[in-house]
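Asks: Dropping a structure here in structure tokens format, bear with me for questions.
The values are calculated or read from the model by the stated rules, or taken from the named source; none is laboratory data. What you see is a predicted model; the values in this text were computed from it and never measured. Here the Cβ is made from the backbone with ideal geometry for all residues, glycine too, and neighbour counts use every protein chain on show.
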Amino acid sequence: MLVSHDPDLPLHLYPPKQPLQVEVLRNERLTPEDSAQDVRHVVIRWPSGSFFFVEGQSVGIAPPGLNSRGRPHPPRLYSVASARSGEDSDGQTLALTVKRYVYADENGQQCQGLSSSLLCDAQPGDLLPMTGPVGRDLLLGNAPQPLILIATGTGIAPFRSFVQQLQRTADPRPVWLFQGAQTQADLLYAAEWQRWQSDADGRHWRTACSREQQLPSGGRRYVQHALADEARALWPLLAPDADQARQAQIYLCGLRGMEQGVLEALGEMAAEHGLQAEAYVSDLRSSGRLRVEVY
Ligand code: NAP
């Protein structure tokens, strides 16, 4: 597997001025029809041999047309949700996890994000301009250490690519996957995680459904609370004095707001073991054990 400083890491094979035309193969809705969230699993294909990526990287999709300044729209980045061998194991497909972005403009009119609606409305056979790949910070490392993966919403995409790669390479490292969504029905790829968890030991899927579960204090239950609930099982993987081979790599992806809550939960676990919370979290970051991609 490649690591961030590897000269073979594919980067910027297709810059915004020279995108690759890719074909939409499938567009499946992941959330129920009656969910307020329209999230899609969009599979695209490129001509064999023309594109490469690794798990944890992103690609860009730019909507057609010009912005209000007469310039082309910049590509919007989406994490690849497939292993490098391809969504269809053919080396020429990948999946994106796309939520339709809906917002109110300054006049209160409801609008949709250009890139997300382009992808959410895409039909098989449509051609899209794709850029990338980009990203060297959230890569799946070589070391066979346990993984703690923490996602909210569509931030689950890169972790699907990690898990797919680990499965396809029969990599036995333990994985804890923490997933946050508003409701159980909105837990993306839930059936896949259920199968994955029951297929082998050492795979743990934990969820937090903020609009259906409450804390004893009355607040919403978020992914950091699911993490805290597993403190006893996780500390042997988080303790700074654990064997190198047992020390977990921690990845965080999704909403910006989750970062502080997750770091606090990690700090509290350390404090319960007599460590200084801030110093512990800061060491996690500086040692490269904690990688964060939030928006
Ligand atoms: P969402 O559905 O709005 O939220 C997912 C869950 O996170 C909800 O349960 C939400 O709870 C909860 N949440 C809200 N504030 C939180 C906090 N402070 N701490 C912990 N949990 C919190 O998420 P989304 O719209 O899918 O957004 C996902 C984010 O991931 C976006 O910022 C996106 O840009 C980013 N991302 C996307 C991709 C991709 O490839 N598509 C890749 C990487 C990252 P409540 O709403 O009930 O408060």
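Asks: I'd like the full set of residues that are in a loop (DSSP other than H, G, I, E, B), under 23 Å from ALA228 (Cβ atoms) and within 15 Å of the ligand (Cβ to nearest atom), limited to the range 181-202. Working first, answer last.
Replies: Let us first name the residues in the range 181-202 that are in a loop (DSSP other than H, G, I, E, B), namely 182-183, 187-189, 200-202.
Then drop every residue that is not under 23 Å from ALA228 (Cβ atoms), which leaves 182-183, 187-188, 202.
Within the range 181-202, GLN182, THR183, LEU187, LEU188 qualify.
Asks: Now a separate question. List the strands (runs of 3 or more DSSP E) that sit entirely inside the range 1-120 and contain at least 2 residues that are within 29 Å of LEU166 (Cα to Cα).
Replies: Values: elements: 20-29, 39-45, 58-61, 76-79, 93-99, 102-104, 110-112.
Those strands (runs of 3 or more DSSP E) span 20-29, 39-45, 58-61, 76-79, 93-99.
Asks: Could you tell me which numbered condition LEU255 fails, if it satisfies all but one of (1) of a type outside the set (S, T, N, Q); (2) out of contact with any Ser or Thr (no Cβ under 8 Å at 6 or more places or on another chain); (3) within 10 Å of the ligand (Cβ to nearest atom)?
Replies: The number of the failed condition is (2).
Asks: Kindly indicate whether any position in the range 134-157 is out of contact with any helix residue (DSSP H, G or I) (no Cβ under 9 Å at 6 or more places or on another chain), in a strand (DSSP E or B) and within 14 Å of the ligand (Cβ to nearest atom).
Replies: yes
Asks: What pairs come out if I take residues in the range 89-115 that are touching a residue at least 24 places away in the same chain (Cβ under 8 Å) and pair them with residues that are in a strand (DSSP E or B) and more than 16 Å from the ligand (Cβ to nearest atom) whose C-beta lies under 6 Å away, six or more apart or interchain?
Replies: GLN92/ARG45; THR93/ARG45
Asks: A further question follows. What about GLN249, is it surrounded by 13 or more Cβ atoms within 10 Å (Cβ to Cβ), within 15 Å of the ligand (Cβ to nearest atom) and closer than 23 Å to LEU139 by Cα?
Replies: Numbers: surrounded by 13 or more Cβ atoms within 10 Å (Cβ to Cβ): yes; within 15 Å of the ligand (Cβ to nearest atom): no; closer than 23 Å to LEU139 by Cα: yes.
The answer is no for GLN249.
Asks: Can you spot a residue in the range 272-279 that is modelled with pLDDT of 95 or more and either within 15 Å of the ligand (Cβ to nearest atom) or surrounded by 21 or more Cβ atoms within 10 Å (Cβ to Cβ) (or both)? Explain how you work it out, then say what you get.
Replies: If we filter the range 272-279 for residues that are modelled with pLDDT of 95 or more, which is where we start, we get 272-279.
Then drop every residue that is not either within 15 Å of the ligand (Cβ to nearest atom) or surrounded by 21 or more Cβ atoms within 10 Å (Cβ to Cβ) (or both), which leaves none.
No, the range 272-279 has no match at all.
Asks: Which number in (1) within 16 Å of the ligand (Cβ to nearest atom); (2) assigned to a helix (DSSP H, G or I); (3) in contact with a helix residue (DSSP H, G or I) (Cβ under 8 Å, 6 or more places away or on another chain) marks the one condition that GLN260 misses?
Replies: (3)
Asks: In the range 142-152, is there at least one residue being within 22 Å of PRO32 (Cβ to Cβ), out of contact with any Leu (no Cβ under 7 Å at 6 or more places or on another chain) and in contact (Cβ under 8 Å) with a residue 12 or more places away in the chain? Give the steps one after another, and end with the answer.
Replies: Looking only at the range 142-152, we keep the residues that are within 22 Å of PRO32 (Cβ to Cβ), and these are 151-152.
Remaining after also requiring out of contact with any Leu (no Cβ under 7 Å at 6 or more places or on another chain): 151.
Remaining after also requiring in contact (Cβ under 8 Å) with a residue 12 or more places away in the chain: 151.
Yes, the conditions are met somewhere in the range 142-152.
Asks: Of all residues in the range 175-194, which are surrounded by 12 or more Cβ atoms within 10 Å (Cβ to Cβ) and free of Cβ contacts under 8 Å to residues at least 40 places away in the same chain?
Replies: The answer is VAL175, LEU177, ALA181, GLN184, LEU187, ALA190, GLU192, TRP193, GLN194.
Asks: Return the residue satisfying two criteria in turn: it lies in the range 202-245 and is loosely packed, with under 10 Cβ neighbours inside 10 Å and at pLDDT below 95, and of such residues it is nearest to ARG160 (Cα to Cα). Lay out the reasoning, then the answer.
Replies: Here is the first cut: in the range 202-245, the ones loosely packed, with under 10 Cβ neighbours inside 10 Å are 216-218, 232, 241, 243-244.
Next cut, at pLDDT below 95 only: 216-218, 241, 243-244.
Numbers: PRO216: 31, SER217: 33, GLY218: 32, ASP241: 30, ASP243: 27, GLN244: 25 Å.
Per the stated criteria, the residue is GLN244.
Asks: Taking the range 37-62 on its own, how many of its residues are over 27 Å from VAL292 (Cα atoms) and of a type outside the set (D, E, K, R)? Steps first, please.
Replies: As a first pass, look at the range 37-62 and keep what is over 27 Å from VAL292 (Cα atoms): 45-50.
Among the residues that remain, those that are also of a type outside the set (D, E, K, R) are: 46-50.
Within the range 37-62, residues that are over 27 Å from VAL292 (Cα atoms) and of a type outside the set (D, E, K, R) number 5.
Asks: Further, regarding this structure: Hey, among the residues in the range 159-180 that are aliphatic (A, V, I, L, M) and more than 13 Å from the chain's Cα centre (by Cα), which one's farthest from the ligand (Cβ to nearest atom)?
Replies: We begin by selecting, within the range 159-180, every residue aliphatic (A, V, I, L, M); these are 163, 166, 170, 175, 177.
When the remaining residues are screened for being more than 13 Å from the chain's Cα centre (by Cα), the result is 166, 170, 175.
Values: LEU166: 19, ALA170: 26, VAL175: 18 Å.
Checked the range 159-180; the qualifying residue farthest from the ligand (Cβ to nearest atom) is ALA170.
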